[in-house]
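Structure first, commentary second.
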Amino acid sequence: MGGTLMRLLVLLSVLGCALVLAGTAGVRATAQATPDRLKTVLAQMDASSKSFRSAEASVQKQQFEKIVNDTTTESGAIYFLRSGNSTQVGARFDPPNAQTIEYKNGTLTIYTAGTNQLKTYSAGQNQALAQTILSLGAGGSGSDLAANWDIDDLGREQMSDGSRMVEVEKLDLHSKDARVRNSYTHITMWIDLMRDISLKQVAFAPSGDTDTTIYTHIKLNQPLDLKAYAIKCKGKCS
């Protein structure tokens, strides 16, 4: 899987929005994890994953580029839709970039309204790896997580989901796949175990760049209006 596609898929999996941004504002003190806590966490994720069908949320993503010491921020909305063993993901972002992104049936499509440009990337023979990455965002089982990532449990915290404070588990993940590690050395995520939803994720690139996202105002297992995420070119796309 090409580096560009890998990075975009990880970005899709970590898309999110929050009252807390890249720091710890809005997050209360951490409760230290016990040695057996991770087993309990993964088992609860397994249980919650069985009932996951879809999720939709407000989204904001922050991309920090170390070489220029600059952060760009985009806001919008995102959805995750499970069909069998596959996860379909779509997102739309507000101006100035005004992008619409979709991953479906092994193809990632990105449309930029300002330039009327459409780009597609194929996962090809790496669709299983793509699904592993996307399941980080919502609905992934604890068993799958442990099979594909080395996991450190960093304890429990209280975090806002946009309407209330919820208890989350903070996990630090190191991929067992070299292709993922080439793009991101590790990913830290804050999981609402009751809903099997990641409220916040930070992906760390070898270059020192980071991609930080947090979900808020989450709608779980409710009907989705996929027309709101449809890609519509203005005439002929470039």
Response to the item:
Matching residues in the range 55-104 (surrounded by fewer than 15 Cβ atoms within 10 Å (Cβ to Cβ), polar (S, T, N, Q) and more than 20 Å from Ala203 (Cα to Cα)) number 3
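To keep it simple, each residue is scored yes or no on (1) in a strand (DSSP E or B); (2) among the charged types (D, E, K, R); (3) without any contact (Cβ under 8 Å) to a residue 60 or more places away in the chain.
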{"site": "Leu145", "(1), (2), (3)": "no, no, no"}
{"site": "Gln158", "(1), (2), (3)": "yes, no, no"}
{"site": "Gly162", "(1), (2), (3)": "no, no, no"}
{"site": "Glu167", "(1), (2), (3)": "yes, yes, yes"}
{"site": "Lys170", "(1), (2), (3)": "yes, yes, no"}
{"site": "Val180", "(1), (2), (3)": "no, no, no"}
{"site": "Ile187", "(1), (2), (3)": "yes, no, no"}
Worksheet item: Within the range 142-155, can one find any residue that is modelled with pLDDT under 90, touching a Gly at 6+ places or on another chain (Cβ under 7 Å) and closer than 25 Å to Ala91 by Cα?
Response: no
Worksheet entry | Among (1) within 29 Å of Pro206 (Cα to Cα); (2) under 16 Å from the mean Cα position of the chain (by Cα); (3) buried (at least 19 other Cβ atoms within 10 Å of the Cβ) - the single one Phe52 does not satisfy | (1)
Response to the item:
Subset of the range 35-70, residues of a type in the set (Gly, Ala, Ser) and touching a residue at least 24 places away in the same chain (Cβ under 8 Å), comes to Ala43, Ser48, Ser49, Ser51, Ser54, Ala55, Ala57, Ser58
Worksheet, complete the sentence: Per the filter on the range 185-238, residues modelled with pLDDT of 85 or more, charged (D, E, K, R) and either closer than 16 Å to Met45 by Cα or crowded, with 20+ Cβ neighbours inside 10 Å (or both) are Lys200, Asp211
Discussion item. Only one of Arg164, Arg181 is exposed (fewer than 15 other Cβ atoms within 10 Å of the Cβ) and either polar (S, T, N, Q) or under 20 Å from Phe64 (Cα atoms) (or both). Can you tell me which?
Written reply: Arg181
Discussion item. Between a residue in the range 203-225 that is on the phi > 0 side of the Ramachandran plot and any residue that is small (Gly, Ala, Ser), which pairs come within a Cβ distance under 9 Å, given they are 6 or more apart or on different chains?
Written reply: His217/Ala57; His217/Ser58; His217/Gly162; His217/Ser163; Asn221/Ser51; Asn221/Ser54; Asn221/Ala55
Practice prompt. Kindly indicate which of Lys232, Lys176 is of a type in the set (D, E, K, R), over 17 Å from the mean Cα position of the chain (by Cα) and closer than 19 Å to Glu102 by Cα.
Written response: Lys232
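With the requirement that a residue be under 12 Å from the mean Cα position of the chain (by Cα) and aromatic (Phe, Trp, Tyr), what does the range 200-226 give you?
Answer for the range 200-226, where residues must be under 12 Å from the mean Cα position of the chain (by Cα) and aromatic (Phe, Trp, Tyr): just Tyr215.
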Discussion item. With the structure loaded, tell me whether Ser48 is touching a strand residue (DSSP E or B) at 6+ places or on another chain (Cβ under 9 Å), modelled with pLDDT of 85 or more and outside any loop (DSSP other than H, G, I, E, B) or whether it fails that test.
Written reply: no
Discussion item. I'd like to know if the range 125-140 contains one or more residues that are farther than 24 Å from Gly208 by Cβ and at pLDDT 85 or above.
Written reply: no
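Of everything in the range 72-112, what is of a type in the set (Asp, Glu) and assigned to a loop (DSSP other than H, G, I, E, B)? Give them in sequence order.
Result: Asp94, single match.
The values are calculated or read from the model by the stated rules, or taken from the named source; none is laboratory data. Please read these numbers as outputs of a predicted model, since none were measured by experiment. As a convention, Cβ positions derive from the backbone with ideal geometry for all residues, glycine included, and neighbour counts pool all protein chains shown.
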